[in-house]
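Working notes for the structure below.
The values are calculated or read from the model by the stated rules, or taken from the named source; none is laboratory data. Computed from a prediction, not measured in an experiment: that's the story for all the values here. Cβ: placed from backbone, ideal geometry, glycine included. Neighbour counts: every protein chain shown.
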Amino acid sequence: MKFSYYPGCTLKTKAKQLDLYGRKCLEKLGVDFEEIKEWQCCGAVYPVSKDEVATKLSAVRTLANAKAEGGKLLTLCSACHHVLKRVNDDMKNDDNIRLKANNYLALDEEYAGETDVIHYLELLRDYVGFDKIKAAVVNPLKNQKIGAYYGCLLLRPSETLAFDNPENPKIIEDFITAIGATPVTYAFRNECCGAYVSTTSKDLAVKKSTKVTDSAKNAGAEKLVTACPLCMYNLTENGNGEVPVYYFTELLAEALGVKE
Amino acid sequence: MDRKEQAKLIKERSGTDVRKCMKCGKCSGRCPAYAEMDIKPHQFVSYIEKGEVEKLLESKSLYTCLSCFACVERCPRGVAPANVIEAVRQEVVRAQGGNKVQAEKIPETINEAIPQQLLVSMFRKFNK
Amino acid sequence: MQKIGVFVCWCGSNIAATVDVKKVADVLRLEPGVVISETYQYMCSENGQALIRNAIKENGLTGIVVCSCSPRMHEATFRKTAESAGLNPYMVEIANIREQCSWIHKDMDEATEKAIVLGRSAIAKLKLNAPLTSGESAVVKRALVIGGGIAGIQSALDIAEAGYEVDIVESSATIGGNMAKLDKTFPTLDCAACILTPKMVDCAQNENIDIMTFSEIESVKGFVGNFKVQIRRKARFVDEKKCTGCGVCMQKCPSKKGKNEFNMGLNNRPAIYIPFAQAIPNVAIIDPEQCLKLKNGKCGLCAMQCQVNAIDYTQKDEIIEREYGAIVVATGYKPISLENFNEYGYDTYKDVVTSLELERLMNAAGPSDGHLVRPSDHKEPKVITFIQCVGSRDTSGCGKPYCSKICCMYTAKHAMLIREKYPDTEVHVFYIDVRTPGKNYDEFFRRAVEQYGVDYIKGMVGKVYEENGKLMVQGSDLINNEQVVIPSDLVVLAAAIEPNPSVRKIATMVTASIDTNNFLTEAHAKLRPVESPTAGIFLSGVCQGPKDIPETVSQASACAAKVVGLLSKDKLKCNACVAHSDETLCTGCSVCANVCPYGAITYVDKEFRIGGGKTETRRVASVNEAVCQGCGACTVTCPSGAMDLKGFSNKQIMAEVDAICKR
Amino acid sequence: MQEMNNEKRPLIVAFCCNWCSYAGADLAGSSRLSYPADVKIIRVPCSCRVNPMFILKAFQRGADGVIICGCHPGDCHYTTGNYYARRRMSLLFSMLDYLGIERERTRVEWVSAAEGAKFSAVMNDFASKVAALGENKRLEDLRCKE
């Protein structure tokens, strides 16, 4: 099975580690993937309003391209994943949006949500398997107490994202266990860090990020992992500064021995 | 456009049925930005249900809602308060002079570390 | 040759004012087969009926048509009239010329013309009528009660008191159900055990009651008055007749790490155990998953200790068959699983408990001997927060769309009892609405607030999380328009209740209908609330809908009254207008059985002569006339035209259509 | 009056289930809620007793409209009969459509025993729609004419 890999804008610039290590690990794990051709911006935020169609079109183009390449779209950035997955859901279930989007784009073949949007973590869990990852680890991150930070974008609304239990997720904890470290569960791992308002209401973003990082620290976490560049920025910039935040691919690369 | 019409439009745009609300307040009990909101998530639903939009259009909550969908996730009746807030925000930013973020002021507010996606999101969320 | 009599009623001026009854009688007299056509002022009066009776006798009539009011009014009357004159009661047809003619039309000619058409149509149908007799079936004078909770216990006791034999089949090892687990009961605060256990003992001692615990219904066949039921008596590895309930085995058993189901898993029990001290029957049972002897053959301590040799490791499930006249379904409820409500942290934090668990924690016979301590560290909680409507009134798909009805009252009860016994404990209750209709119910709830100072907060909880050893309960206070966070030591969830999952299987076996929430449907929501639409099946307790103990007991007694009414009859008269299959046409395709809502159709292999002295055996449909209610669904679905309905046959209805369409 | 007799009135056959709709018709009568005399009711135990053949027969014999009335969904005296009726009739109606019988000539309505007013309203409406279509010639079997 071949996956169409979708990096997104941020992974090409500010979040290069997320991308770089992500690719190296896929190669190491023997996952067949290729960067999707001529990818466009996902749209950055999912337009919730029912009367917004134009802002969803770039996501639809990517989804349709992925369909042509085999229908498995692999995402890494939580924000992109959220947008692509929800737009895909609209294309599948919202007759109005599907009709208008197809009318606008006039694709060779009508797109109706056929592509599977798969997050990198879902790939690790469902296609590779954490057991296999455990077996592939050469450098287990022993004695590291790591807190998983899920944030909002991967989990909610769970009806559409269908990623994990939205109130008590465990996929990243399982991942942490697989790479040999000790997961630390803490109450605010699925609470919003406030990244969206970090540019406009810094106070609020500081308050929310501090709440998350404090909660993690009090539970005994030495570091946090995330899949989201927005959370990464916000928790680092506006958190309590006592728990460093890493992309999960970086730790995976370290454990698999492909980090330079 | 009269307010009633406007409320109807916002209701449609939100794509959620506000009449299903049973006024339990779970959305506001869950909201992480509650303290920063002048009008609370459950009130957005209630005002829209009654067709009263005036207060909502001037609410500061439009810019403090984190779009974290916690309220949507846990509503026992399948109502989506965040969608209502977003629908009102669209109503405001789409109107003339409704932009919240001034492009000229950007250099003052951002730093080097901000990821691209966040900048784009900011404009998408708060501007036309 | 048929001889038909037509009798046109004036109904005073009700009919005669708008329908020319004389003309109707004159025209209908000319119809082929009609030998007499008369009018009378009140056909239903004694004189009118005498006129009919005499006409039948004098003219040797083979059938009569009465043009009068609705058959829903007087069909039964005129059938009796005919019967008393020696005519089969089903050789009577009514033409409704009052409700559906004289009363709704003003023009005399128009109404008269319509009355004639209706009369003709009735004559056409009557010509194809056949004398019918309603069948009879005997009634087995014994009832089955499925479920041994308070509903089943009450129904069984009432039926037994009336002098009929009853069997209680209970799936767990003791009767008593959920009520046995409760501490106190609202609104009077009697101790549940004090009022329930005497009833349990009554059941055990009543000669008419046979209790079968640890047993399940395997299959149900038959119909009202004549059910044949197979019951699986599951192996309990202890001979019920020998065991004295002394409890020595429990003390000696080395495998003590079983989850104590009766205490909601809050403490442990040995592999051989008696569910609780007042269990009925008071005999031990072995958990085969846990018993060392049954698992790997080593141990046998209990058998060595038992003075009466009651332990039998070789016991097997046994299936017995019994016959019953009536079946009471009293399968009860269970609290829903909370896996969809992780925001309240039930799976994450030990000190988040359900209300039923709290009942055990507060119960003198519970795991902490009635001393309220929290499960994690066995310390007394100082702040207790209750969350109501956990999974009730939830249309998002996570919970149940209905109100569970009992939670408001038991939460008020818990809050009150805690404040009474531990006055320095702070108690908060998050609620959406407080629903307390019922005698002394709202007064009870208000007492919790006014007398005991329980803090009621209108709003729902969004999240429960741990911080500095406290459970932080974050929720809305809608009245104060605030978001509150209450640091608590114990959080109690009022989980929604749902019908016992076994009810689906049982409903299928007895062909009782069930709604989308798995509650059994009553025959009529208002007028027949304790009967299932399927004759002979009765509903008792929460299996029909959420209800508290007083309501359950009333329903259980009502149910028993209905059962006794049925069992008191020696024979049941069946509906005469039932389906029957023409065996020469039937291909045995099973389509009719699939649409029958009563399971009245079965298939039998029958031998048919096919000429030349040969026979062949074919599978053909056979209708059980005692079960068939005569809806006719099968007649339309039958592809070969074999199935027909007596009294409303295809030919009869076609004849009516013909008569109406003839211009 | 003379004109009335000359003018061809529509002929409507109504199948009513015994438990709800027939009782609804009785209630319409006892409430004196009129509807055209063109409507003639045939009592059946349940709407599921109505064989599509009956309807074809009615059209063949010159009926201009046929209406089937049953209990409201969920209220069937026999639990599920009206659901069968609904499915059967939707199939039959599309076949009649194919045969060129106008959709307005057939109808399924749910009328409870308490809905006398609804029964009368339904019959008035149905009768006027059928009358507007004029005579039904499409399926009429001329051999049946006297």
Original post:
Pick from A:PRO229, A:PRO140: which is under 19 Å from the mean Cα position of the chain (by Cα), over 30 Å from C:SER396 (Cβ atoms) and not polar (S, T, N, Q)?
Top reply: A:PRO229
Subject >> region B:56-69, residues that are surrounded by fewer than 21 Cβ atoms within 10 Å (Cβ to Cβ) and more than 14 Å from every other protein chain (Cβ to nearest Cβ) >> reply: B:LEU57, B:GLU58
**OP:** Please find, within region B:18-55, the residue that is farthest from the chain's Cα centre (by Cα) out of those that are among the aliphatic types (A, V, I, L, M) and more than 9 Å from every other protein chain (Cβ to nearest Cβ).
**Re:** B:VAL18
**OP:** Would you point out the residue of region B:8-17, among those that are away from chain C (no Cβ under 14 Å) and either of a type outside the set (Gly, Ala, Ser) or on the phi > 0 side of the Ramachandran plot (or both), that is surrounded by the fewest Cβ atoms within 10 Å (Cβ to Cβ)?
**Re:** B:GLU12
Subject >> Filter result (assigned to a helix (DSSP H, G or I) and more than 14 Å from the chain's Cα centre (by Cα)) within region D:93-117 >> reply: D:SER94, D:MET95, D:LEU96, D:ASP97, D:TYR98, D:LEU99, D:GLY116, D:ALA117
Subject >> So B:GLN96, is it facing chain A (nearest Cβ under 9 Å), at pLDDT 80 or above and either surrounded by fewer than 24 Cβ atoms within 10 Å (Cβ to Cβ) or in a loop (DSSP other than H, G, I, E, B) (or both) >> reply: no
Subject >> Residue satisfying condition, being under 40 Å from the mean Cα position of the chain (by Cα) and in a helix (DSSP H, G or I), within set C:ARG79, C:ARG53 >> reply: C:ARG79
Subject >> Conditions (1) more than 8 Å from chain A (Cβ to nearest Cβ); (2) under 21 Å from B:ASP17 (Cα atoms): number failed by B:GLU108 >> reply: (2)
**OP:** May I ask you to verify whether D:CYS16 is under 21 Å from C:HIS524 (Cβ atoms), facing chain C (nearest Cβ under 10 Å), modelled with pLDDT of 95 or more and under 14 Å from the mean Cα position of the chain (by Cα)?
**Re:** yes
Original post:
What do you reckon, is D:LYS40 in a helix (DSSP H, G or I), within 20 Å of C:GLN652 (Cβ to Cβ), facing another protein chain (nearest Cβ under 7 Å) and modelled with pLDDT of 90 or more?
Top reply: no
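For (1) surrounded by 19 or more Cβ atoms within 10 Å (Cβ to Cβ); (2) in contact with a Leu (Cβ under 6 Å, 6 or more places away or on another chain), each residue gets a yes or a no:
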position: A:ASP214; (1), (2): no, no
position: A:ASN218; (1), (2): no, no
position: A:LEU224; (1), (2): yes, no
position: A:CYS231; (1), (2): yes, no
position: A:ASN238; (1), (2): yes, no
position: A:VAL243; (1), (2): yes, yes
position: A:THR249; (1), (2): yes, yes
position: A:LEU256; (1), (2): yes, no
Original post:
Quick check: anything in region C:79-102 more than 14 Å from chain D (Cβ to nearest Cβ), under 30 Å from D:VAL39 (Cβ atoms) and among the hydrophobic types (A, V, I, L, M, F, W, C)?
Top reply: yes
**OP:** Test C:THR425 against the stated conditions and say whether it is closer than 21 Å to C:ALA448 by Cα and either of a type outside the set (A, V, I, L, M) or away from every other protein chain (no Cβ under 14 Å) (or both).
**Re:** yes
Original post:
What's the number of the condition C:VAL201 fails, among (1) in a helix (DSSP H, G or I); (2) buried (at least 21 other Cβ atoms within 10 Å of the Cβ)?
Top reply: (2)
Original post:
Any residue in region A:40-61 that is in contact with a Phe, Trp or Tyr (Cβ under 7 Å, 6 or more places away or on another chain), within 14 Å of chain B (Cβ to nearest Cβ) and crowded, with 21+ Cβ neighbours inside 10 Å?
Top reply: no
**OP:** Could you tell me which numbered condition C:CYS596 fails, if it satisfies all but one of (1) under 21 Å from C:PHE223 (Cα atoms); (2) within 7 Å of chain D (Cβ to nearest Cβ)?
**Re:** (2)
Original post:
Within region A:153-171, can you find the residues that are in a loop (DSSP other than H, G, I, E, B), more than 7 Å from every other protein chain (Cβ to nearest Cβ) and of a type in the set (D, E, K, R)?
Top reply: A:ASP164, A:LYS170
Original post:
Got a sec? Which strands (runs of 3 or more DSSP E) wholly within region C:442-501 have at least 1 residues that are within 11 Å of chain B (Cβ to nearest Cβ)?
Top reply: C:455-458, C:461-467, C:470-477, C:482-488
Original post:
Across region C:73-83, what is the number of residues that are at pLDDT below 95 and touching a Lys or Arg at 6+ places or on another chain (Cβ under 9 Å)?
Top reply: 1
Original post:
Can we say B:ILE85 is more than 10 Å from chain A (Cβ to nearest Cβ), touching a residue at least 40 places away in the same chain (Cβ under 8 Å) and assigned to a helix (DSSP H, G or I)?
Top reply: no
Original post:
Just one of the numbered conditions (1) farther than 30 Å from C:THR511 by Cα; (2) assigned to a loop (DSSP other than H, G, I, E, B); (3) of a type outside the set (A, V, I, L, M, F, W, C) is not true of D:ASP75; which one?
Top reply: (1)
Original post:
Within the bounds of region C:223-232, is there any residue that is farther than 30 Å from C:PRO597 by Cα and not in a loop (DSSP other than H, G, I, E, B)?
Top reply: no
Original post:
Does C:ASP582 fit the bill of being within 12 Å of chain D (Cβ to nearest Cβ) and touching a residue at least 24 places away in the same chain (Cβ under 8 Å)?
Top reply: no
Subject >> region C:56-76 - residue that is more than 10 Å from every other protein chain (Cβ to nearest Cβ) and part of a loop (DSSP other than H, G, I, E, B) and, of those, farthest from D:ALA28 (Cα to Cα) >> reply: C:GLY60
**OP:** Tally the residues that are part of a helix (DSSP H, G or I) and out of contact with any strand residue (DSSP E or B) (no Cβ under 6 Å at 6 or more places or on another chain), restricting the search to region C:580-637.
**Re:** 6
Original post:
Looking at C:VAL27, C:VAL19, which one is of a type in the set (Val, Ile, Thr), modelled with pLDDT of 95 or more, part of a helix (DSSP H, G or I) and more than 44 Å from the chain's Cα centre (by Cα)?
Top reply: C:VAL27
Original post:
Given the conditions (1) touching a residue at least 40 places away in the same chain (Cβ under 8 Å); (2) assigned to a loop (DSSP other than H, G, I, E, B); (3) away from chain B (no Cβ under 14 Å); (4) of a type in the set (S, T, N, Q), which single one is not true for C:SER404?
Top reply: (3)
**OP:** Kindly establish whether B:VAL72 is under 14 Å from the mean Cα position of the chain (by Cα), at pLDDT 95 or above, more than 7 Å from chain A (Cβ to nearest Cβ) and under 21 Å from B:MET37 (Cβ atoms).
**Re:** no
**OP:** Kindly indicate which of C:TYR349, C:TYR422 is touching a residue at least 60 places away in the same chain (Cβ under 8 Å) and either surrounded by fewer than 20 Cβ atoms within 10 Å (Cβ to Cβ) or over 33 Å from the mean Cα position of the chain (by Cα) (or both).
**Re:** C:TYR349
